[in-house]
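Written below as structure tokens is the structure these notes are about.
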Amino acid sequence: MEIETDSSTEKKHFKVFSELELQEFQDKFVIRSLQFPDRAFSIARSDGTFHVNVTGEVVNLEGASKVYTVFGIAGSIRLLAGTYVLVITSRKEVGAYLGYPVFRVMSMKFLSCNEGLKNLTNQQKKDEAYFQTLLRTVEETPGLYYSYETDITLNLQRRYKMADGWMSKPIWKQADPRFVWNRNILEELIENKVDEFIVPLLQGSFQMGQLKLNNLTSTITLISRRCTRRLGTRMWRRGANLEGDTANFIETEQLLEYDKFKSSFLQVRGSIPLLWEQIVDLSYKPHLSVIEHEDTPMVVKRHFHDLMQRYGNTIAVDLTDKHGNEGQLSLAFATEMEKLPDVRYVSFDFHQRCGGSNFESLKLLYDEIADDFDKQGRYFLQTSDGELVEEQKGVVRSNCIDCLDRTNVTQSYLARISLNQQLQRMCALTSSEHVCTFTGDEDLEIYRNLWVNQGDEISLEYSGTNALKGDIVRYGKQTISGLIKDGISALSRYYLNNFQDGIRQDAIDLISGNYTVSGNRPSPFQLNKFESRTLFPVASVLLIGSLTVTSITLNRASQNAQTVISSVICAGATAGMMALVKANGRQICSRPRLCGLL
């Protein structure tokens, strides 16, 4: 393994190889370090078996049909026909975390070791083709970040509490497994002990900006870490599972480096930890159903017990509406929270309290939780020498329905309050000064854009589109251009959630290990009788045809009585067709084949 010494601290830390040479041979792939050519391993194209070079000899390149550079190995997965190895083919440096460069994955590619394809049955070949489609979807996964020199899944406070020498361990061992997106597909690499090639990937967001304060440059890093325990798309992963893991659970850290201090503020978000669903059926807002289950109280208890074990005292801020389907879910949540006296539950109807672009009403929410917020320690603070000044002893957990738009506005508001308190503690601001008035317009825009970009990124990963209400975070109010942008994003969400997310959910379930490929399992095509990809175009053609015929006959309706009768018949047929399509909406929409609802 490669271990480098940091001369400033005289501590050793593990480094992953940053550039690799990939050689394609007829019978194998060879991957070696460009910096250390004797460090290499090969993968047989026939069956995907690994062979690690332990002789110290430089690998012979003669006979390679193709040689190119890759930037990390993200994992391997075995399907019906063989093994597929995921490599990072392009990257972009996006900043640094505590001085260590951080990269964003720009493109990935699966290497196919699937010569067993010829031995499969016709049905298995059809299944393998579908799995390969899912792998191509995985290659397009957004928001993946990593570092060759340090783990980025651990926040500043957790890093402070780690035992000496932990950075000398392989980076995949340093990481919090909750936030390692590719943890499931690292197993074979780990078993073959190629630690210096293994790149743990974090899905979420990484934003970085610099502000000028008192002629000193402060660096703000905003990093969001998506939990893999209930990973999925907006409509197919809602609520919690029986273990208490919630959909769209994200830890967000706002890290401030100023003068001789390092400070961080943690928040979390996550779907309401009940058993509930909202299955797409062509409705703009599908019906939301709370699932009655005898273990519901235990699910809620497990979720918040885990939060308190990891973060300390918890304030649960519920931003959902108090009427309609949302109101029923919010009421069920409030009822369960009454059984947990150790957790502060605050219900804040965001749409009602902040209606009419009155977003300064969020101050009412802060006033309600201010005392508990202060008791939590508000933030973590240490000197450049590593001396602990302040510890964050709790966390605010925010949620709306999707934990995207309203949640992001609220979290950015609380983060700004914490930032003021941190800068005042560091003597960068006086007690009467505020970051929004003290910094210049350009600096303030930089800070706000960090939160806007972060909101867009985590929304893209869950819903498929940018976040709504981004102009509120950026400008503090709703704008006409923001409303237009939100309208376009809302329509895009509707389309993606109804007609694309079934395949995207399958890809997530496959790569995260919720579904394991085996020749003994039933075909995913046999488990799902309805082919939504076939029904949707048929339904579309029928509807468009009916509407076209009706439009033509209505235009001619004034010519004679027979045309009027034809128009009425066509209109009735069109209405009946629309009702039929709507009644079968769940079958027409894109549905997951592999796992369905979990």
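Within region 462-471, identify whether any single residue is in contact with a strand residue (DSSP E or B) (Cβ under 8 Å, 6 or more places away or on another chain), open to solvent by less than 10 Å² (accessible area, probe 1.4 Å) and on the phi < 0 side of the Ramachandran plot, and answer yes or no. For region 462-471, residues in contact with a strand residue (DSSP E or B) (Cβ under 8 Å, 6 or more places away or on another chain), open to solvent by less than 10 Å² (accessible area, probe 1.4 Å) and on the phi < 0 side of the Ramachandran plot: absent.
The condition (being out of contact with any Cys (no Cβ under 9 Å at 6 or more places or on another chain), touching a residue at least 40 places away in the same chain (Cβ under 8 Å) and not charged (D, E, K, R)) is satisfied by just one residue among Ser347, Ser398: Ser398. If you scan region 137-168, which residues turn out to be hydrophobic (A, V, I, L, M, F, W, C) and either in contact with a helix residue (DSSP H, G or I) (Cβ under 9 Å, 6 or more places away or on another chain) or crowded, with 16+ Cβ neighbours inside 10 Å (or both)? Of everything in region 137-168, those that are hydrophobic (A, V, I, L, M, F, W, C) and either in contact with a helix residue (DSSP H, G or I) (Cβ under 9 Å, 6 or more places away or on another chain) or crowded, with 16+ Cβ neighbours inside 10 Å (or both) turn out to be Val138, Leu144, Ile152, Leu154, Leu156, Met162, Trp166, Met167. Residues that are among the aliphatic types (A, V, I, L, M) and closer than 19 Å to Gly232 by Cβ were ranked within region 456-472; the one that is modelled with the lowest pLDDT is Ala467. Would you say Val85 is touching a residue at least 24 places away in the same chain (Cβ under 8 Å), aliphatic (A, V, I, L, M) and touching a helix residue (DSSP H, G or I) at 6+ places or on another chain (Cβ under 7 Å)? When the stated conditions are applied, Val85 does not pass them. Listed by position, the helices (runs of 4 or more DSSP H) contained in region 120-234 that have at least 2 residues being among the aliphatic types (A, V, I, L, M) are 122-139, 187-191.
Have a look at Ser283, Ser271 and point out the one that is of a type in the set (Gly, Ala, Ser), open to solvent by less than 60 Å² (accessible area, probe 1.4 Å) and in contact with a strand residue (DSSP E or B) (Cβ under 8 Å, 6 or more places away or on another chain). Full working, then the answer.
Numbers: Ser283 fails: in contact with a strand residue (DSSP E or B) (Cβ under 8 Å, 6 or more places away or on another chain).
Residue meeting the stated conditions: Ser271.
The residues in region 389-402 that are out of contact with any Phe, Trp or Tyr (no Cβ under 8 Å at 6 or more places or on another chain) and either over 17 Å from Leu307 (Cα atoms) or of a type in the set (Ser, Thr, Tyr) (or both) can be counted, and the count is 2.
In the set (1) in contact with a Gly (Cβ under 6 Å, 6 or more places away or on another chain); (2) farther than 30 Å from Lys161 by Cα; (3) acidic (Asp, Glu), Asp367 fails one condition alone, (1). Consider region 303-333 and keep the residues that are aliphatic (A, V, I, L, M), in contact with a strand residue (DSSP E or B) (Cβ under 6 Å, 6 or more places away or on another chain) and open to solvent by 10 Å² or more (accessible area, probe 1.4 Å). The one that is nearest to Cys436 (Cα to Cα) is Met308. Within region 363-400, the set of residues being surrounded by fewer than 23 Cβ atoms within 10 Å (Cβ to Cβ) and under 30 Å from Asn497 (Cβ atoms) comprises Leu365, Val395.
Checking the structure you have, find out if any residue of region 211-233 is open to solvent by 10 Å² or more (accessible area, probe 1.4 Å), over 30 Å from Gln424 (Cα atoms) and β-branched (Val, Ile, Thr). Checking region 211-233: at least one residue is open to solvent by 10 Å² or more (accessible area, probe 1.4 Å), over 30 Å from Gln424 (Cα atoms) and β-branched (Val, Ile, Thr).
The values are calculated or read from the model by the stated rules, or taken from the named source; none is laboratory data. Model, not experiment: these values are computed from the prediction. Every residue, glycine as well, gets a Cβ built from its backbone with ideal geometry; the counts of neighbours run over all protein chains shown. The protein model used for the area step is the full one, side chains on, heavy atoms only, and it has no ligands, DNA or RNA in it. Shrake-Rupley method; radii C 1.70, N 1.55, O 1.52, S 1.80 Å.
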